[in-house]
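Colleague: Got a structure here, written out as structure tokens. Questions coming.
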Amino acid sequence: MTDRPNTPIEVHVSLTGRKDITNEIYRQLRAAILDGRLRSGDRLPPTRELAARLSVSRTTVMEAYDRLLSEGFTESHVGSGTRVSTDLLLTPAPPASPTGALRPREVWASIRVLRVHDQFVEFDFTAGIPDTRLFPFGTWRRLQGREWRRSAPGIRGYGEPAGVPMLREAIAAHIAVARGVRCRPDDVIVTNGTQQGLDIVARALLGPGDHVVVEDPGYGPPRRLFASLGFRVTGVRVDAEGLVVDEIPDDARLVFVAPSHQFPLGTSMSLRRRIALISWAEGHDAAILEDDYDTEFRFAGRPIEPLQLLDRTGRVIYVGTFSKTLLPTLRVGFVVVPQSIRQAVEAAKFHADSHTSVPIQRTLAAFIEDGSFARHVRRMRSVYRERHDRITTFLRSQLADELEVLPASAGVHVAALAKRHSVDGIAAVAERARERGVAIEELAEFAVGDNKRSGLLIGYGLIATEHIDEGLHRLKASFEAPLRRGEPGIC
Ligand SMILES: Cc1ncc(COP(=O)(O)O)c(C=O)c1O
């Protein structure tokens, strides 16, 4: 009949705080059978014994046993009591993983959350983060306070998916003046930063399997976002004139570029290349996502015109952010979209998160309108110019044998190519710098393909101006030797 032991199994049943006791005994025994704790042929405790153990009447237990029997979970044999049915054919449950049974799609195996920058490093040259200490908190608090009253317009109900009209107007006016971008407030869709702008535009335009081109080297989160949406992503080389347009694959449907200030190299795309890119997109019926990155902080030379201005056929989507001019934690950016895709991008934004926080949008609109934004950008431009000049002067005089500073006249970092050290050699320099309390990123980390360039990114958003020289001296020492005993290191 069965080779299971004849002794009843001591199955655990707990009735603490339960009301429907029959049902609870039935439910717990059934669960023990289904999850394999009780196996085919196992003998259940005799009803009298279980009733005594649980301090309930025998009838209560018998009712639960009858139910298991009538549903086929158990069999009853005269002389051998109640056993788990032998024809249940339950496969043993796989061992439960401590983290849960669900598995993400394979693409997420190679996509991780990047650094969250909240650690204090004394000499922090991390790129891409503005100096938040100099943000005009008092002004913002005052303007935001006005939005946090019960009667404030931004508090009731939901807002418009494309954004608060007064902010869309303020953005349209700002980019028309600052960058010459031609747009009406209606063309502006407010987003939670650049990253969401790329997400909703990509969803509106492309589907799984579509081919997207990004710059190599380039900023990582967009290409990983595109991969997660099921697109094929190819990195195309950037040279001294910007993206090498001749190398864009014919079947690309979307090209993501930062022509004004390439990240991380800092290159401005030549006019010749910009025209070639627009012509390429026209000839291949493709779209261009233009990340007009870091252009507010320009110290020298004439700013190059955005691609959006060269676009005659409505294929350029212009993307901007307040992450660098104000605070990355605000999560406010915007896209300027050609009319033909406006409704779809707006619907994508609505279905992503309804809209960006209305009190924040209204505060930002007031901040731009009363001149605080322009004042802050002007102030930061002069702070960053000083830091930029200090860093480039040091690198060109004291580290000229090691690093070639790439020309860049905008932004909050400079890129420098290593003259003598390999990619691994520079990684060792960066590691030695970390031991000396200096945080610095390697250029190779931004490679899309195998073509890793050996060099460093020296950001100046986080480091106070007066700390720059000491930080660079420590960097210089890191080219020469590991941290020596007695030398100042991580504090
Ligand atoms: C090239 C580039 N574009 C845009 C951004 C800003 O992204 P977000 O607006 O999502 O903060 C960054 C941030 O580091 C960046 O490096």
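Colleague: Limiting things to C-alpha atoms, what are the Rg and the maximum Cα-Cα separation (Dmax) for the range 188-262, in angstroms?
Modeller: 12.2, 33
Colleague: Quick one: divide the alpha-carbon radius of gyration of the range 19-99 by 2.2 N^0.38 Å and tell me what you get.
Modeller: Working: Rg = 13.3 Å, N = 81, 2.2 N^0.38 = 11.7 Å.
For the range 19-99, the normalised Cα radius of gyration comes out at 1.14.
Colleague: What does the charge dipole of the range 339-488 about its Cα centre add up to, to the nearest 20 debye, if the Cβ of each Lys and Arg holds +1 and the Cβ of each Asp and Glu holds -1? Provide the component values of the computation, followed by the final result.
Modeller: Values: 22 positive and 21 negative charges, 63 e Å.
Dipole magnitude for the range 339-488 comes out near 300 debye.
Colleague: Can you work out the Karplus-derived ³J(HN,Hα) for every residue in the range 284-300? Use 6.51 cos²θ - 1.76 cosθ + 1.60 with θ = phi - 60°, whole Hz, and x for glycine or proline.
Modeller: So the J values, rounded to whole Hz, are 10, 6, 10, 10, 10, 9, 9, 8, 7, 7, 6, 6, 5, 9, 10, 10, 8.
Colleague: Right, here's the next one. Helix 372-398 against the longest principal axis of the chain: what's the angle in degrees, Cα atoms only, rounded to the nearest 10?
Modeller: Taking Cα atoms only, the helix is inclined about 80 degrees.
Colleague: At most 11 other C-beta atoms within 10 Å and a DSSP loop state: those are the exposed GluC sites (Glu not before Pro) I care about. Give me the longest piece of the chain that has none.
Modeller: Working: sites that count: GLU10, GLU71.
Longest gap between qualifying sites, sites excluded: 72-491.
Colleague: What percent of all Cα-Cα pairs in the range 253-310 falls into each 5 Å bin, going from 0 up to the bin containing the maximum distance?
Modeller: 4, 18, 31, 25, 13, 6, 2, 0
Colleague: I want the local charge near ARG37. Using Cβ-Cβ distances under 15 Å, sum +1 for each Lys or Arg and -1 for each Asp or Glu among the other residues. Mind dumping the intermediate values first?
Modeller: Working: positive: ARG4, ARG27, ARG30, ARG39, ARG43, ARG83; negative: GLU10, ASP35, ASP42.
Combined, the nearby Lys, Arg, Asp and Glu give +3.
Colleague: Along the three principal axes, how long is the range 340-380 when you take its alpha carbons, biggest first, rounded to the nearest angstrom?
Modeller: For the range 340-380, the Cα spread along each principal axis is 37, 24, 16 Å.
Colleague: Could you work out Rg/(2.2 N^0.38 Å) for the chain, with Rg from alpha carbons only?
Modeller: Values: Rg = 31.8 Å, N = 491, 2.2 N^0.38 = 23.2 Å.
Here the answer is 1.37, to two decimals.
Colleague: What whole-number distance in Å separates the alpha-carbon centres of the range 3-36 and the range 228-258?
Modeller: 62 Å
Colleague: I've got another one for you. Please list, or write none, the lysines whose alpha carbon is within less than 27 Å of the alpha carbon of LYS324, excluding same-chain residues fewer than 8 places away.
Modeller: By straight Cα distance, LYS324 reaches LYS349, LYS452.
Colleague: Using just the Cα positions, wrap the range 282-340 in a convex hull and report its mean projected area in square nanometres, one decimal place. Can you show the working numbers first?
Modeller: On the way: hull surface 20.5 nm².
If you wrap the Cα atoms of the range 282-340 in a convex hull and average its projections, you get 5.1 nm².
Colleague: Right, another one. Please report, to one decimal in angstroms, the Kirkwood hydrodynamic radius of the range 384-491 built from all distinct Cα-Cα pairs.
Modeller: One over the average 1/r among Cα pairs gives 14.0 Å for the range 384-491.
Colleague: Of PRO46, LEU69, THR86, which is farthest on the positive side of the dipole of the range 26-92, counting Cα position, with +1 on Lys and Arg Cβ, -1 on Asp and Glu Cβ, and the Cα centre as origin?
Modeller: Toward the positive end, the furthest listed residue is PRO46.
Colleague: State log₁₀ I(q)/I(0) for the range 175-224 at q = 0.28, 0.31, 0.33 Å⁻¹ as given by the Debye formula over alpha-carbon point scatterers of equal weight, solvent excluded.
Modeller: Results for the range 175-224 at q = 0.28, 0.31, 0.33 Å⁻¹ read -1.12, -1.16, -1.20.
Colleague: Let me ask something else. Starting from the alpha-carbon convex hull of the range 132-178, give the projected area averaged over all orientations, in nm². The partial results should precede the final answer.
Modeller: Numbers: hull surface 19.0 nm².
Averaged projected hull area, Cα only: 4.8 nm².
Colleague: Convex hull over the Cα atoms of the range 127-222, averaged projected area in nm²? Write down the numbers at each step before the final one.
Modeller: Numbers: hull surface 38.3 nm².
If I average the Cα hull's projected area over directions, I get 9.6 nm².
Colleague: For the range 1-106, run through the trypsin sites (Lys or Arg not before Pro) and keep only the ones in DSSP coil with at most 11 other Cβ atoms within 10 Å of their Cβ. Show your work: numbers first, answer last.
Modeller: Numbers: sites: ARG18, LYS19, ARG27, ARG30, ARG37, ARG39, ARG43, ARG48, ARG53, ARG58, ARG67, ARG83, ARG105; in loops: ARG18, LYS19, ARG37, ARG39, ARG105.
Here the sparse-neighbourhood loop sites are LYS19, ARG105.
Colleague: Considering only the other residues whose Cβ falls under 12 Å of the Cβ of LEU15, what net charge follows from Lys and Arg at +1 and Asp and Glu at -1?
Modeller: Numbers: positive: ARG18, LYS19, ARG27, ARG53; negative: ASP20, GLU24.
Within the 12 Å Cβ shell, the charges total +2.
Colleague: Starting from the Cα-Cα distance between VAL244 and SER97, subtract it from 0.36 nm times their residue separation and give me the gain in nm to one decimal. Let's see the in-between values first.
Modeller: Working: separation 147, 0.36 × 147 = 52.92 nm, distance 4.76 nm.
Additional length available on full extension: 48.2 nm.
Colleague: Within the range 288-393, which trypsin sites (Lys or Arg not before Pro) sit in a loop by DSSP and count at most 15 neighbouring Cβ atoms inside 10 Å?
Modeller: Qualifying residues, ordered by number: ARG312.
Colleague: So how far, in whole Å, is the C-alpha centre of the range 65-85 from the one of the range 276-293?
Modeller: 73 Å
Colleague: Let me ask something else. Using only the alpha-carbon atoms, what does the range 24-168 span along each of its principal axes? Please give whole angstrom values in decreasing order.
Modeller: Each principal axis gives a Cα extent; for the range 24-168 these are 85, 44, 32 Å.
Colleague: Once the Cα gyration tensor of the range 264-393 is found, what semi-axes does its equivalent ellipsoid get, as square roots of 5 times the eigenvalues, in whole Å, sorted largest first? Please list the in-between numbers first.
Modeller: Values: eigenvalues 149, 122, 25 Å².
Rounded to whole Å, the semi-axes are 27, 25, 11.
Colleague: Compute the normalised compactness of the range 1-40: alpha-carbon radius of gyration over 2.2 N^0.38 Å, N being the residue count. Present the calculation step by step, with values, prior to reporting the outcome.
Modeller: Working: Rg = 12.0 Å, N = 40, 2.2 N^0.38 = 8.9 Å.
The value comes to 1.34.
Colleague: While we're here: Trypsin sites (Lys or Arg not before Pro) within the range 114-175: which are DSSP loop residues with at most 15 other Cβ atoms inside 10 Å?
Modeller: Details: sites: ARG115, ARG133, ARG141, ARG142, ARG146, ARG149, ARG150, ARG156, ARG168; in loops: ARG115, ARG149, ARG150, ARG156.
Within the range 114-175, the qualifying trypsin sites (Lys or Arg not before Pro) (loop, at most 15 other Cβ atoms within 10 Å) are ARG115, ARG149, ARG150, ARG156.
Colleague: Now a separate question. Between exposed chymotrypsin sites (Phe, Trp or Tyr not before Pro) in the chain, where DSSP calls loop and at most 11 other Cβ atoms lie within 10 Å, what's the longest gap?
Modeller: Segment 159-491 is the longest.
Bear in mind these aren't lab numbers, they're just calculated from the coordinates by the rules spelled out. Computed from a predicted model, the values in this text were never measured in an experiment. Neighbour counts run over all protein chains shown; Cβ positions are idealised from the backbone, glycine included.
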